[in-house]
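Contents: one structure, followed by commentary.
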Amino acid sequence: MKKRIDLQIIVPFLAASLFIVLGIANVFKTFDNRVYDGFLHLKPEIPQSKSIMLLDVDNTSIAKVGEWPWSRSVMANGLITMREFGAAYAVFDIEYVNQSPLGVNANYLDTSIPEVFQHQFQSINQNTTALFQALADGNIPLKDAGQYVQQLTGMNDGAKKLLLSKVQDIARNNDTYLRKAAWFFKHAYFTVNFSGTKEDVPSAYEKRILDNEALKNVTVHGTYGHQIIGLSPAIKPILTRAAGAGFPRVVVDSDGVRRRVALIYQYKHKYFGQLIFTPLLSNLGNPPIELYPHRIVLEHAHAPGGRPHNISIPLTPNGYFLINWPKTNFEQSFHHLSYYNIVLAGQQEQGLMTLLHGMANANYLSFFQGGQGFFGPYDKAETIKQNILDGGNQSQIGQYRSLREGFFKTVGEFLQGTAEQAILKQIDSALANPQITPTQTKQFTSIRNDVQAKFKQTRQIYSAYMESRSLLSKDLAGKICVIGNTATSSTDLGVNPFQGEYPNVGTHASIANTILNERFINEFPSWYSYIVALLLCFILYFSVRTLEPLSSVIVGAGIIIVFLAAAAGLFVLFRTYLHMSVPTIAVGLAVAALRARSTSPVAIANNYSPVRPAGGTDADRAAARAEAGERTVPAWLEVMPDQMRILVHQLPGRAQIDTQVQEQLIVEYYSK
C-alpha cells in the first residue's frame, strides 16, 4: 500500500515561516532590544580607559559660574588652562551655531584698566604739579606759561585718547576669543551637525567645511548607506581655528533607548566622523580608513605608546556601531572633573596676582632677593600667550608653561621666605624709636597689622591655587576631555540600557572607550535567526513526533532553554548577538500546535495511533503478522506488523466501517 506523508511535519515549518514574516516586518524589534539589554547586563564589564576625562558642567559649576549657557569666554579661558596642564584633546558636546553678543574682558577690566588709569592720571598730576611749581619758583616766566599749558593740554588729550581706546578694548568678541583659544589649545573639536533637511549655509563656508573638516584617507568599498542632506555647523568665527569637527548625533531606537551610532556620515561625496570618532582618529595617528558596508578598518592605527595594528570595527547589518556601555550609571563611569575646577583656578590666579601687585605697590618686594624683575617671567608668559592667541607658533607652549611654573615657584619662595619678617623688623625698629609720636605709632601699628594680614591672605590663596594646579596637572595631562552640560537642569539627556536619564556627554566617552579597548559588539543579520528558527523547528519535529503530549512539551521547552543559553553564551563569550524572538516564539508555537493536534480528533487522521508498543519479541511480531494476514485491513488504515504499529491515514466515514452496528438501538438506550 502507498504510504501517506505525515502532515504534522508542516506544523513547525508553518510556525517558523509565520514568525519569519513577522520578524521581517520588525514586529518583534522591541522584544529583541529588551533581550539585548538583558545580555548587556550579563557580559563582563568593559575596562574604562584612563585616557578619557568627562569635564562636567555640573550643578556646582552652574551654581558658581552662573546660569547656562555661559559666555564663550569661560570656555576660551578653560581651553588656555587645559593646554597649560597638558590636556590632549578637548571635545565640545556643545553646539555653537549662533553668534554670541559682545562680552566684557573681566580680567582686562580688573587688572590692565586700573593700571593704565593709575599711570595716566599719575602722569597728568605730576606734569600739572611740575608746571605750577616751576611757575611758582620763577623757573618759567609767566609770559611763557601759555606755551607750557598748550603742551600740557596736548599731553592730556593724548592720555584721554589712550584711555578711551583701552576702555573700548573691554568689550570683546567672545566668538573670536574662543576661536583664538581653540588655536592656542591646538586639538579642540566642535560640532558639525546634520539634519534631514537642507540648511542655509553660505556656499563659501560650506566649501571650507567640506575641504577642511571631512575625513581624510577614506577608501569606500561597496555602498555606504548613511547619507544626509542637511548641514548645521558651528559658526565660522569658532570653527576656522579648530582642529576638527564631528557630528554629535546618536541613534535612538524605537523604544527610546540609545544603543548605537553611525560613526561616519556621507555628505556631498565627503565623509564626516562622529564627534568623538574624529579626535580619536587623531589620537590613533590618523590611520587610513577602509570603509565597508558592515565594518570600518583603521589601518596601522596606534594609540600613544602602542604598537601599530589594524583595528576592525564591526557594524550592524544597517551600518551602525553598537556601544559597549559600562555596566554602571553616568556618575560612576569614567573619570569626572567639574568644569568649575578650571574656572576656580583662573579666579584664584587672578586674585593672587591682584594681591601680589598690591604688595609690589607697597614696596614689599624690595625685601625679597628676587624682587628685581619679579613679574618678568609672568609678563613674558602672557606675551607668549597673546602671540599664540593671535595665530603665532604653537611650539612656544613649552616655554609658556616653563615660565609660569618658574614664576609661581618664585612666588612661593617669596611668601615662605624672610621678606615678611624683614618688613616687620623694620617697622618694629621704627616703633621702638623713643622719639616716635603717638600718631606715628598708630600709623606704624596699622601698617604692621596690614603687612601681616596681606601676607596671610596671599599665602592662603597661593596655597589654594597651587592645590588647584596640582589637581589639574594630575587629572588633565594626556586626557581626551569631553565637555558638556550634565547639570540636573540640562535637557541633553537620553536613555541607555543601564540608566533612565543618562547625560549624552557620556555617550561620546563610551564610544571612545569601546574603540580604545577594541571590545566590539557584533550583531548577526536577522536572516541568521530565521535559519536557526527553521533548524530548531526541524529538530523539534523529529524529537517529538513519537512522544506523548506532555513529553513533547518538555522537549520543546528544553530546546528553547538550550537555545537561549547558547545565545547568551555566544554574547557573553564572544560579544555577538543573535536575534532571539523569531526562533524562540516559533518553537514555542510549534510545540503548542503539535500538542493540540496530538490531542484532537484530527490527530487520529494525521498521526500514529496513540497505542504504540515500544517493541516486542519475535513471537509477538509473528503473531501480529499472522493476525494481520487473517483480517481485512480497512483502506483508511495501514498495518506495519514488523514495527508493531498502525498508521491512521484519515478518519473513516460511516460507509467505511464494516462493524454491524444498529445506531437506532444506541440512541434509544441513551434516551431512557
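The values are calculated or read from the model by the stated rules, or taken from the named source; none is laboratory data. Quick caveat: nothing in here was measured; it's all calculated off a predicted structure. Don't worry about glycine lacking a Cβ; one is built from the backbone with ideal geometry, like all the others, and counts go over all protein chains shown. With ligands, DNA and RNA removed, areas are computed over all heavy atoms of the protein, side chains included. Shrake-Rupley method; radii C 1.70, N 1.55, O 1.52, S 1.80 Å.
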Taking every other residue with Cβ under 12 Å from the Cβ of ASP211 and scoring Lys and Arg +1, Asp and Glu -1, one gets +3
Carbon and sulfur atoms account, in whole percent of the 1.4 Å probe accessible area of the stretch 228-345, for 49 percent
Taking R0 as 30 Å and r as the Cβ-Cβ distance between VAL555 and VAL21, the FRET efficiency 1/(1 + (r/R0)^6), rounded to the nearest 0.05, comes to 0.70
For the stretch 230-365, the per residue accessible area (1.4 Å probe, Å²) is 35 Å²
ALA90 neighbourhood, Cβ < 13 Å, K/R = +1, D/E = -1, net charge +2
The Cα radius of gyration of the stretch 411-460, divided by 2.2 N^0.38 Å with N its residue count, comes to 1.27
Here the net charge surrounding SER529, from other residues whose Cβ is less than 14 Å away from its Cβ (Lys, Arg +1; Asp, Glu -1), is -1
Any residue on another chain or 5+ positions along whose placed amide H is under 5 Å from the amide H of ARG172 is listed here as GLY103, VAL104, ASN105
For the stretch 437-537, the dipole about the Cα centre with charges only on Cβ (Lys and Arg +1, Asp and Glu -1), to the nearest 20 debye, works out at 980 debye
The alpha-carbon pair-distance distribution computed for the stretch 484-593, with 5 angstrom bins and whole-percent values, is 2, 11, 15, 14, 12, 11, 10, 8, 7, 5, 3, 1, 1
